[in-house]
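The values are calculated or read from the model by the stated rules, or taken from the named source; none is laboratory data. No experiment lies behind these values; they were computed from the predicted model shown. Here Cβ is always computed from backbone atoms with ideal geometry, including for glycine, and neighbour counts include all displayed protein chains. Heads up: the accessible areas ignore ligands, DNA and RNA and are worked out on the full protein's heavy atoms, side chains in. Shrake-Rupley method; radii C 1.70, N 1.55, O 1.52, S 1.80 Å.
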Amino acid sequence: MATRDFAAHESHAHAAPQGFIRKWVFSFDHKVIGLQYYFLALTAVFVGMFLSLLMRIHLIWPTVALPLVGEIRPETYLSLLTMHGTIMVFFVLTTAPQGGFGNYFLPIQIGAADMAFPVLNMLSFWVTLLGYIVILAAFFVPGGAPLHGWTGYPPLSALPSAGPGEGLGADLWAISIGLFCIGALMSALNFITTTLDMRAKGMTMMRMPLTCWAWFVTAILGLLAFGVLLSAAILLLLDRNAGTSFYVPLVVVNGQLAAHKGGSPLLWQHLFWFFGHPEVYIAILPAMGLCSQLVSVFSRKPIFGYKAMVYAILSIGLLGFMVWGHHMFMSGMSPYTAFAFSIMTMAIGVPSAIKTFNWLGTLWGGRIRLSSPMLFAIGFVSLFVSGGISGPFLAQPTLDIPLHDTAFVTGHFHLIMGVASIFGIFAATYYWFPKMFGRMMSEGLARWHFWFTFVGTYCIFMPMHYAGMAGQPRRYSQFTELHYLEHLIPLNKFITFAAFVTISAQFLFLFNLFWSMKFGKKASDNPWEATTLEWTTATPPPHDNFGGRTPVVYNGPYEYSVPGAPRDYVMQTDPTVIAAH
């Protein structure tokens with residue numbers, strides 16, 4: 001029996017669980033697990049934003065004592081930086097797009113009754129949640145949270161005597177990373193098997209929505225990258241607690257000779273960034289797939305160049321493993337090696353540009369509906385392009401070396417990886433909320449949320465590029481006393497005030513989200529007049545997704561404005577044979 005038939009049989013053979021614990025806590029249902037991932041990420045993003053706000057306050061008022069927090073010392077600032085980066089990269093940007101929306105909608109969009117391995121799916125969430133709890137615990141242990149940065153460079157991260165927070169807090173950081181990797185590996189196996197073996201009849205690979213392609217390639221990246229990071233974290237824990245010397249050379253720390261020799265700090269950098277650059281695409285590819293979906297739906301046009309978009313996603317996935325060295329131009333690598341990484345980094349811009357031009361080609365001449373999901377999709381394209389423009393600068397070793405440790409890099413990766421991905425999460429929330437909860441979110445609040453967030457993002461991160469070019473270092477907890485940076489203090493105050501406004505705007509989203517669950521206008525089964533399979537089933541979807549029937553697919557995912565069709569869209573399940581665009 002094929003995996004698809006077996007899963008469908010199992011799903012239909014057992015009624016939906018009735019008890020609260022089995023239905024909402026230890027659930028096998030991919031939709032519930034998707035919501036669990038989503039709300040985990042929602043909790044994590046507000047923790048991460050709070051930490052970033054504390055950092056911004058400290059940078060312009062370094063001596064202020066805050067209620068409940070007290071005075072932020074330099075080591076406290078570095079701990080905030082470490083935990084902000086780790087929580088945002090792992091528990092928000094990786095968790096929500098793939099674990100949240102991917103879990104919920106991948107099976108429905110390919111016509112499956114559930115994920116291939118429901119028990120493994122449940123375990124992957126609970127291991128991820130455990131990792132989140134462990135990293136939060138680092139705040140409350142003796143010595144506090146680690147200060148080695150989210151990249152965890154040794155020997156600072158490998159020696160408990162290296163500084164405050166590098167004791168038990170750093171152990172918990174490494175354990176949390178390891179747990180997250182285990183959960184991500186289980187999830188990746190599930191996504192790959194589900195995509196390859198669970199598609200409904202007629203759902204060929206080239207009829208899959210681009211969201212499914214993005215989740216599929218992201219899972220492949222995760223399977224290859226998180227295994228490397230897991231190994232690196234285990235070696236780090238051994239260096240810290242078992243006396244090994246994988247990363248620690250013969251070095252003097254705080255006036256004392258470390259009891260290690262023969263290790264290489266560069267080994268960690270290679271292992272970490274071999275994961276780290278694919279991680280950028282793990283965070284951004286699901287948003288790219290969703291943007292492709294929304295641009296087509298709300299332009300009422302087929303996506304421009306569907307096959308080119310698929311091959312671009314595959315190319316990004318492949319090239320993403322060949323560019324990690326551009327994070328290490330400062331490490332003293334051979335100029336020949338740096339040149340090779342520079343060329344590959346420039347090359348990966350080609351498939352990204354193909355996707356961007358295809359999005360613009362889809363918009364061109366379309367009957368555009370500027371609903372809230374479309375606003376955030378267009379905002380994503382804007383942020384992706386703006387953040388991407390600064391990428392070629394950092395791809396050149398001669399330019400990267402003076403810019404590398406400045407705020408220029410902070411502005412670059414927040415735009416292209418951080419906030420662009422979060423705009424994808426917002427777009428997905430506004431788009432799929434009616435299907436998940438059966439109600440519509442408030443369009444008025446959504447528009448206010450979009451404009452505050454969109455303008456605020458540019459006010460925060462574009463000035464960082466200018467500050468970086470003017471020489472402002474990153475990771476420094478205080479620079480107000482430095483004469484050569486005095487002229488940048490007003491700019492940093494502007495950034496901090498913009499951060500206050502932008503973070504405040506997220507409470508509009510939070511109110512809209514929970515208020516609409518209870519009081520939002522009731523949604524029809526297909527409020528956006530979209531064509532993919534999730535809009536052919538009930539709202540919210542039943543336990544087995546399609547109420548005991550298995551859909552049969554006849555058409556591609558983007559059949560809009562089809563000549564001769566009774567409506568301006570043709571569902572994938574409509575039996576009428578439609579010529580592909």
Return the distance in nm (one decimal) between the two label points of a simple spin-label model at Thr398 and Met205, each offset 7 Å from Cα along Cα→Cβ. 4.2
If the chain between Leu68 and Tyr336 were fully stretched, how many nm would it gain, using 0.36 nm times the residue separation less the Cα-Cα distance? 91.3 nm
Simple spin-label model, 7 Å along Cα-to-Cβ: Val119 to Asp405 in nm? 5.2
Accessible area per residue of segment 27-536 at 1.4 Å probe, in Å²? 36
How far is it, in nm, from the label point at Arg549 to the one at Ile234 when both lie 7 Å from their Cα along the line to the Cβ? 4.9
Among Pro164, Leu488, Ile348, whose Cα lies farthest out toward the positive end of the dipole of the chain, if unit charges sit on the beta carbon of Lys, Arg (+1) and Asp, Glu (-1)? Ile348
Add -39500 (n - 2.57) for each DSSP H run of 4 or more in the chain, then divide by its residues: what number comes out at 222 nm, to the nearest 500 deg cm²/dmol? -19500 deg cm²/dmol
With Met440 itself left out, Lys, Arg at +1 and Asp, Glu at -1 over residues whose Cβ is under 13 Å from its Cβ give +3
In percent, how large is the relative contact order of the chain, given Cα pairs closer than 8 Å and 6 or more residues apart? 15
Can you compute the FRET efficiency between Ala565 and Phe20 using 1/(1 + (r/R0)^6), with r the Cβ-Cβ distance and R0 = 56 Å? Round to the nearest 0.05. 0.80
Cα-based shape type of segment 343-429, given that a ≥ b ≥ c are square roots of the gyration tensor eigenvalues and the cut on a/c is 1.5: oblate
Counting only protein heavy atoms and using a 1.4 Å probe, what share of the accessible area of the chain belongs to carbon plus sulfur, as a whole percent? 71
Ile389 to Met346: extension gain in nm, 0.36 nm per residue of separation minus the Cα-Cα distance? 14.4 nm
Cβ crowding within 10 Å averaged over residues, with 165-174, 291-300 ranked highest first: 291-300, 165-174
Would you mind checking segment 30-58 for residues with the amide N under 18 Å from a putative spin-label position 7 Å along Cα→C-beta of Lys493? 56-58
Amide hydrogen neighbours beyond the local backbone of Ser264, cut-off 5 Å, H modeled: Tyr247, Val248
For peptides 314-323, 566-575, sequence by mean Cβ density within 10 Å, most packed first: 314-323, 566-575
What is the extension gain from Phe46 to Trp61, computed as 0.36 nm multiplied by their sequence separation minus the C-alpha to C-alpha distance, in nm to one decimal? 3.2 nm
Taking R0 as 45 Å, what FRET efficiency do you get between Ala259 and Phe500 from their Cβ-Cβ distance, rounded to the nearest 0.05? 0.45
Gyration tensor (alpha-carbon) shape descriptor, the chain, a/c threshold 1.5: prolate
Within straight cross-link reach of Lys307, meaning Cα distance under 22 Å, which lysines are found once same-chain residues fewer than 8 apart are removed? Lys201, Lys355
